Amino acid sequence: MEVFWAKGYEGAQLADLTEAMGINPPSFYAAFGSKEAAFREAVDLYIATVGSAPMRALDSATTLKAGIRAMLKGSIDVALSSQPGGCLLVLGVVNCLTENEAARECLKKARRTTLDLIRERLERGVRDGELPADTDAEVLAAFYNGILQAISFQARDGASRHDLESLIAPAMAAVPS
């Protein structure tokens, strides 16, 4: 997972993966079958562990605003928790070669799930009266998903925690009163 997170799908070479796992190429292929299958397992592990923290924070907070703030802070924590920084789901396949379309689709599906989780929490906020009834949860979810992606790209570009946390206040201003 860490190799794909740091180098992306296309940048991760078999030698990188086998070295990180302490196995030889035949053992790698016996365990995973292919680089793509190993990538899918790495994405699943990421989602089940470090990558799930921001969405858990969004869902478990006592208020919608507290959840959005916690999601953004959690995303910053994830983006700064590895070198070279960022989120595996955002940066795992950036320059997609035609033969790697399946890996790109894997990440697109994971990002759609993130978008859906944000939208569902916003819709719950509308139902619970935390947001006005006319709130466009779809558009607001796309906005927050974009902020998460911006955090990832900026972290990869070396932004500091302070720089990333400075994005929270303007992002919170988008929550309708």
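Since every read-out is calculated from the coordinates, none of them should be taken as a lab result. Every value quoted in this text rests on a predicted model; they were computed, and no experiment measured them. Note that each Cβ is placed from the backbone with ideal geometry, even for glycine, and that neighbours are counted across all protein chains shown.
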Inset, instruction - Quickly work out the Leu97-to-Asp163 label distance, labels modelled 7 Å from Cα along the C-beta direction, and quote it in nm with one decimal. - result: 3.1 nm
Legend entry - Per-selection Rg to Rh, the chain - Cα, Kirkwood hydrodynamic radius: 1.03
Legend entry - Student exercise, the range 2-172 dipole from Lys, Arg, Asp, Glu Cβ charges, in Debye to nearest 20: 220 debye
Inset, instruction - Find how many whole Å separate the alpha carbon centroid of the range 62-122 from the alpha carbon centroid of the range 132-177. - result: 12 Å
Inset, instruction - State which entries of Lys7/Lys73; Lys35/Lys109; Lys65/Lys109; Lys7/Lys109 exceed 22 angstrom in Cα-Cα distance in the structure shown. - result: Lys7/Lys73; Lys65/Lys109
